[in-house]
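Notes follow the structure.
The values are calculated or read from the model by the stated rules, or taken from the named source; none is laboratory data. What you see is a predicted model; the values in this text were computed from it and never measured. Using ideal geometry, Cβ is built from the backbone for each residue, glycine included, and neighbour counts are taken over all protein chains shown.
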Amino acid sequence: MRIELDVNGTKHELTVEPRTTLLDCLRDCLDLKGAHAGCEHGVCGACTVLFDGAAVRSCLMFAVQAEGSIITTIEGVTPAPGELSPVQDAFCETHGMQCGYCTPAMILAAHALLADNPQPTREQIVEAISGNICRCTGYTQIVEAIALAAERMRGANRPQA
Ligand code: FES
Ligand code: FES
């Protein structure tokens, strides 16, 4: 099937099988390897991408279902080449990653949360990443990273005195 996907601000014309998952399409057709294949049946969250701003599991969707929506992968959250988003920066600073396998998905889940709720409580942060498994169990630093990013993003939005 011919489809057009809007990914990270660029429209791509692609030919895919009806059974091609969005995850496989992103990784194999567009070479966006930041969405990771973990369980591939909706349990681990490693394949998370933003779908019209919401965090979704790309292994549970077909690529054809994404036509007409805006997809953002971890490759699309940086403000400019070589720069980090405030969430990525906070993950580095608080050691919010170990092996890094869950990290792109955790960061995208954080972006979705903070776009919706700039001042989340610790419980709301925990809830927002509750669908994402970190095999290295670095949850404490991940929550700390998201709280730090939230604080900095609120500060950046405050008018200068
Ligand atoms: S790879 Fe999609 S939820 Fe695990
Ligand atoms: S940092 Fe290794 S799986 Fe989360």
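Worth pointing out:
- Criterion (acidic (Asp, Glu), outside any loop (DSSP other than H, G, I, E, B) and crowded, with 18+ Cβ neighbours inside 10 Å) met by exactly one of Asp24, Asp28: Asp24
- Positions within region 122-135 being loosely packed, with under 15 Cβ neighbours inside 10 Å and part of a loop (DSSP other than H, G, I, E, B), in sequence order: Ser130, Arg135
- Region 69-82, subset in a loop (DSSP other than H, G, I, E, B) and at pLDDT 95 or above, residue farthest from Leu5 (Cα to Cα): Val77
- Count - residues of region 89-110 that are of a type outside the set (Val, Ile, Thr), crowded, with 19+ Cβ neighbours inside 10 Å and closer than 13 Å to Val143 by Cα: 7
- In region 35-56, of all residues being among the aliphatic types (A, V, I, L, M) and assigned to a loop (DSSP other than H, G, I, E, B), the one that is nearest to ligand 2 (Cβ to nearest atom) corresponds to Ala46.
- In the set (1) crowded, with 22+ Cβ neighbours inside 10 Å; (2) more than 29 Å from Cys136 (Cα to Cα), the condition left unmet by Glu67 is number (1).
- Candidate set from region 1-60 (those that are among the hydroxyl-bearing types (Ser, Thr, Tyr) and over 14 Å from the mean Cα position of the chain (by Cα)); member that is farthest from Cys134 (Cα to Cα): Thr15
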